[in-house]
Amino acid sequence: MGGNIECCSILTPQNISIFVPIKKLFKMSKAISGFSKRTKDEKIDWLASEVLPDFKDFKSTLHQYWNANKALQALHDDFVENTISNFYLPFAVAPNFLIDGKKYVVPMAIEESSVVAGASMVAKFWSKRGGFKTTVISTVKTGQVHFIYIGAKADLEAYFNQIKPKLFSATSSLTKNMQQRGGGISAIELRDKTASLKNYYQLHVSFDTKDSMGANFINSCLEKMAETFKSESATLNIKIVMSILSNYVPDCLVRAEVSCPVTELYHENALENAQKFIEAVKIAKVEPYRAVTHNKGIMNGVDAVVIATGNDFRAIEAGVHAYASRSGTYQSLSDAEIKDGRFKFWIELPLAVGTVGGLTALHPLAKIALALLQNPSAKELMAIIAAAGLAQNFAALRALTTKGIQHGHMKMHFTNLLASLKTSPSEKEQLRLLFKDKTINYAAVNEALLAIRKQKNTL
């Protein structure tokens, strides 16, 4: 089952052949000015002339990914600067997720062929065994005002205690609406970081942003605090360096778990296979080389849902991998055990996500993704994402400790392989029958295809 749900897509020689020598691509001799002010077509013309003069079908390839709906294309063009086309990811769904007693069809945006299949299979498996149980442990997000202070620490502490109420009041106009929804700024601390960097201190600020991811809200509050903190410190030598939220959110944490009798895990050799599964998790706890790939498999599921719902997968990735290193050694994000004849598998993830504002309110497919999830709150979305990550990890580990990862992956990759070889419908059918019970790899499939074509030409 599963497929290579930990590894990236395989490039065949056909994929690689689209690249042309670098020396032929770049003939520009000086920087271009005013590029962002050009129209989209003017940008493409310049790229075709100055950057990719030998790239066949450059313009037509870009144009075929433009949306025929001009208003929708204009919306996409406004997301980032210098847009020249759209880069599509498959938008798929994994049905049969049972999370906290509620059924979900989980949207996933991802190009890896095995991920959705693995998630769907595992979701169905656990839906018959009580499903995924989740707990949102905490939802605190953090931002910091970083500053340099030269002087007596006692003077700084006295000043902070005096100015602290003003820091809250200075941001009141920004936090008013958030407070009405039950969120806002929950704490402001002065932290001495001089043991790590000379004269370095920070204001460490805790936020609850409710259903919003809250990045812009947090940064606006921090900048206002920094302005107030500096302006009132006439007698102190304070230099504000920067004010910015942190994507490390160890206090915005969700737990997901599954459990069942060991005898229900496998059709045969259940206890032996379950013990191998647990040993695989333990290896990822102590071996960073394995842990990175182990956690990458988890993030296949996490990122797919994060992207589909219009959230920031780069922020999630950075925060999750920092959390995996919190002990000083990078290790597995998941755990497993057998106790009293029951198998239990669980994960804890730091996830700062939102269901209102940002791209979630702008991207039409993000809106559909959230609708498919029955318009969840941010806490509910945290639970769904954690369940998706745990599902992917379960699929990968069960495959790795039984048949091996390549058995399922190459079956899932077969469709891409046939497309790259430009097979006809009849050739696809013949090759699928031929490799039904055989090991699939590029060389073997290509050789079989050549044989089929040779036989056809001799008839």
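A few remarks follow.
- Tally, over the stretch 203-245, of residues that are hydroxyl-bearing (S, T, Y), without any contact (Cβ under 8 Å) to a residue 60 or more places away in the chain and within 14 Å of I185 (Cβ to Cβ): 1
- Identity of the residue in the stretch 131-157, of a type outside the set (A, V, I, L, M) and not in a strand (DSSP E or B), that ends up farthest from I99 (Cα to Cα): G151
Condition check ((1) at pLDDT 95 or above; (2) more than 30 Å from K403 (Cα to Cα)) across all residues:
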site: I5; (1), (2): no, no
site: P13; (1), (2): no, no
site: I16; (1), (2): no, no
site: K24; (1), (2): no, yes
site: K27; (1), (2): no, yes
site: K30; (1), (2): no, yes
site: E42; (1), (2): yes, yes
site: S49; (1), (2): no, yes
site: H63; (1), (2): yes, yes
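- Given (1) buried (at least 20 other Cβ atoms within 10 Å of the Cβ); (2) in a strand (DSSP E or B); (3) in contact with a helix residue (DSSP H, G or I) (Cβ under 7 Å, 6 or more places away or on another chain); (4) not charged (D, E, K, R), index of the condition S114 fails: (2)
Per-residue answers, yes or no, for (1) part of a helix (DSSP H, G or I); (2) at pLDDT 95 or above; (3) touching a strand residue (DSSP E or B) at 6+ places or on another chain (Cβ under 6 Å):
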residue	(1), (2), (3)
I347	no, yes, yes
T360	yes, no, no
L370	yes, yes, no
E380	yes, yes, no
A387	yes, yes, yes
A391	yes, yes, no
A395	yes, yes, no
Q406	yes, no, no
K411	yes, no, no
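- Evaluated against (1) assigned to a strand (DSSP E or B); (2) at pLDDT below 95, E268 falls short on exactly one condition, (1).
- Close pairs (7 angstrom Cβ cut-off, 6 or more residues apart or separate chains): aromatic (F, W, Y) in the stretch 286-315, in a helix (DSSP H, G or I) anywhere: F313/D303; F313/V306; F313/I307
- Residue in the stretch 25-35 that is touching a residue at least 24 places away in the same chain (Cβ under 8 Å), basic (K, R) and either out of contact with any Ser or Thr (no Cβ under 8 Å at 6 or more places or on another chain) or assigned to a loop (DSSP other than H, G, I, E, B) (or both) present: yes
- The residue list A187, A284 contains one member that is aliphatic (A, V, I, L, M), modelled with pLDDT of 95 or more and assigned by TED's automatic domain parsing to the domain that holds L397, which is A284.
- Neighbours by Cβ (under 7 Å, 6+ apart or cross-chain): first from the stretch 263-279, within 10 Å of T402 (Cα to Cα); second of a type in the set (D, E): none
- From the list A187, A274, the lone residue that is assigned to a helix (DSSP H, G or I) and either small (G, A, S) or loosely packed, with under 15 Cβ neighbours inside 10 Å (or both) is A274.
- Scanning the stretch 38-61 for residues being in a helix (DSSP H, G or I) and surrounded by 11 or more Cβ atoms within 10 Å (Cβ to Cβ) gives a total of 15.
- Condition broken by E279, with the remaining ones in (1) of a type in the set (D, E); (2) out of contact with any strand residue (DSSP E or B) (no Cβ under 6 Å at 6 or more places or on another chain); (3) surrounded by 16 or more Cβ atoms within 10 Å (Cβ to Cβ) satisfied: (3)
- Condition broken by A158, with the remaining ones in (1) surrounded by 15 or more Cβ atoms within 10 Å (Cβ to Cβ); (2) without any contact (Cβ under 8 Å) to a residue 12 or more places away in the chain satisfied: (1)
- Residue within the stretch 200-207 that is at pLDDT 95 or above and not in a strand (DSSP E or B) present: no
The values are calculated or read from the model by the stated rules, or taken from the named source; none is laboratory data. Not measured: the values here are computed from a predicted model. Glycine also receives a Cβ, built like all others from the backbone with ideal geometry; neighbour counts cover every protein chain displayed.
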